[in-house]
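The values are calculated or read from the model by the stated rules, or taken from the named source; none is laboratory data. Only a predicted model underlies this, so the values are computations on that prediction, with no experimental measurement involved. All Cβ positions, glycine included, derive from the backbone under ideal geometry; neighbour counts span all protein chains shown. Ligands, DNA and RNA are stripped out before the accessible areas are found, and what is left, the full protein with its side chains, is counted by its heavy atoms. Shrake-Rupley method; radii C 1.70, N 1.55, O 1.52, S 1.80 Å.
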Amino acid sequence: MTKGGMETVEVFTSEGKGRALKAVKEFLSGEVIFAEPAYAAVVFDSLTHLICHTCFKRQEKLHRCGQCKFAHYCDRTCQRGAWLNHKNECSAIKKHGKAPNENIRLAARIMWRIEREGGGLTEGSLVSIDDLQNHVENFGEEEKKELRADVESFIEFWPPQSQQFGMQYISHIFGVINCNGFTLSDQRGLQAVGVGVFPNLCLVNHDCWPNCTVIFNNGNHEAVRSMFHTQMRIELRALGKISPGEELTVSYIDFLNVSEDRRKQLKKQYYFDCTCEHCQKKIKDDLMLAVKEGEHKPSQDMVKEVIQFSKDTLEKINKARSEGVYHEVVKLCRECLKKQEPVLGDTNIYLLRILSIVSEVLSYLQMFEEAADHAKRMVDGYMYIYHPNNAQLGMAMMRAGVTHWHAGLIEIGHGMICKAYAILLVTHGPTHPITKDLEVMRVQTEMELRMFQQNEFMYYKMREAALSNQKVQVMPEPSTEASQDLFVKKQ
């Protein structure tokens, strides 16, 4: 069964998985298999005044809805585009006195759309909201308690003049959100800013080593003529060659965990047992748990001690990061690295996690030379573990390249930026804002590298003069979030 814009894929029953999507035609690396606008989407509670409620872009100045005083938009174009979805919400927020939490707001937007269009198939959809899995029967006691609280809050917020739904149906919608809510990011891909439901995407099954990736595209409303505007959407992109009839898969979670931990996470969060080849054969587990080899190979007891020390330190680091005490984060990382380096191998995930944190925080503190050293070790390790076209690898390579540029290490920095650009062309495409930014950096560092190769002394003199005439460029504040999973799980 296919509908508008979805002619390149087909629904089928995958053995052991249930419903799935397969390719109808051949796709090459980087091709968009399908794009899908959100059925409904909302900004996270903590960012409602910082993020546009239509395109989910972060902007310095936003227009506030004059009626409810809650919704914010880039401009009148975004505000007009949002009215169909915001109209009922606006009225309900005014009557309720305040906006409810993001879960309630998303459920309400879904229900208002069902009220307008019915619960069946919508244009371009292969599956209806009614037919999506909710996994309510798999909920534990704590999840059931949260579900009851959400349903009660929803009923309090839901206007009496709107179509009334039964408790079972409301629970179904919250179950769908719980296991199918997709993480939306800002235009730079640096922060998770909201959650949306994309029915067709829900048909794409998980694989720890997938053949596709999903990227959120905020769309473009900046063109003078509206005919050139593009819609906020997700894009399913091929990571390599995909043959007709091949199942399409994405990874719901970050690959940077051993197979046993990934399986536990998937079971807890998405209620299924992963049977992918990488989990069954424990592929790359040996690299992720690597220890030093040779004459001074550490004992098993020493390895256990260092890994436990790393876990304890990561908890302390998370606390310090959440409080913004970044010098304490650096101190903890340095202490941990001192313990890890004689024991853990270069691809060990506990070493890589510390290297990732310390390189990011040191860059923010403008200690670029030390940050560059750690960033290089991190991406060198990642390249052994991640799929060569993994978006996380591309973003990490980009950050490492920029850090090397700040440190004045132009040759290595340019090489990393070129590698990142090649990856993101596949995962994000040439028109995505991140890829466009990276292309500008690639051209700039290429020019600087030529200058450096012609006259190294002159290059540093000109660089010093240029930087002295500019404001100090502060790197983005380190995120307190772990690597984003594909779908949002209510905490």
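Going Cα to Cα from LYS267, which lysines come in below 16 Å? Please leave out same-chain ones fewer than 8 positions away. Qualifying lysines at Cα under 16 Å: LYS17, LYS489, LYS490. The aspartates and glutamates whose alpha-carbon is closer than 12 Å to the alpha-carbon of LYS22, local same-chain residues fewer than 8 away aside, are GLU7, GLU10, GLU246, GLU247.
Take 457-463, 357-363, 253-259 and order them by the average number of nearby Cβ atoms within 10 Å per residue, most first; the result is 357-363, 253-259, 457-463. Taking 19 Å as the limit for the C-alpha separation, the pairs LYS281/LYS304; LYS316/LYS339; LYS144/LYS268 exceed it in the case of LYS281/LYS304. Can you give me the long-range amide H partners of LEU239? Hydrogens built in the peptide plane at 1.01 Å from N, cutoff under 5 Å, separation of 5 or more residues or another chain. Here the answer is GLY30, CYS212, THR213, since their amide H atoms fall under 5 Å of that of LEU239. Suppose R0 equals 22 Å; then what is the FRET efficiency for ASP261 and GLU341 from their Cβ-Cβ distance, rounded to the nearest 0.05? Approximately 0.40, to the nearest 0.05. Averaged per residue, segment 1-142 has 49 square angstrom of accessible surface, using a 1.4 angstrom probe with ligands and nucleic acids left out. Using r as the Cβ-Cβ distance of THR431 and HIS49, and R0 as 22 Å, what FRET efficiency do you calculate, to the nearest 0.05? Efficiency at R0 = 22 Å is approximately 0.15. Extending 7 Å from the Cα toward the beta-carbon at both ARG450 and LYS297 defines two label points whose distance is 5.1 nm. Tell me which lysines have Cα within less than 30 Å of LYS436's Cα, excluding those fewer than 8 residues away on the same chain? Partners within reach: LYS25, LYS57, LYS61, LYS241, LYS376, LYS419, LYS461, LYS471. Using the Cβ-Cβ distance between LYS281 and GLU439 with R0 = 45 Å, the FRET efficiency computed as 1/(1 + (r/R0)^6) comes to roughly 0.75.
When the solvent-accessible area of segment 249-303 is split by element, carbon and sulfur atoms take up 49 percent of it, the probe being 1.4 Å.
Per residue, segment 298-426 exposes 42 Å² of solvent-accessible protein surface, assessed with a 1.4 angstrom probe and all protein chains in place. Its residue count N fixes a reference of 2.2 N^0.38 Å for the chain, and the Cα radius of gyration divided by that reference is 1.03. Spin-label model, GLU123/MET367: points 7 Å from Cα along the beta carbon direction are separated by 5.6 nm.
What separates the Cα centres of segment 127-181 and segment 24-82 is a distance of 23 Å.
One decimal place: the segment LYS241-ASP380 gains 47.5 nm when fully extended, by the rule 0.36 nm per residue minus the C-alpha distance. Shown in residue order for segment 132-144 are the 3J(HN,Hα) couplings computed by the Karplus curve 6.51 cos²θ - 1.76 cosθ + 1.60 at θ = phi - 60°: 6, 6, 10, 6, 4, 5, 8, 5, x, 4, 5, 5, 5 Hz (x for Gly and Pro). 3J(HN,Hα) along segment 109-119: 5, 4, 5, 5, 5, 4, 4, 6, 10, x, x Hz, from the Karplus curve 6.51 cos²θ - 1.76 cosθ + 1.60 with θ = phi - 60°, whole Hz, x for Gly and Pro.
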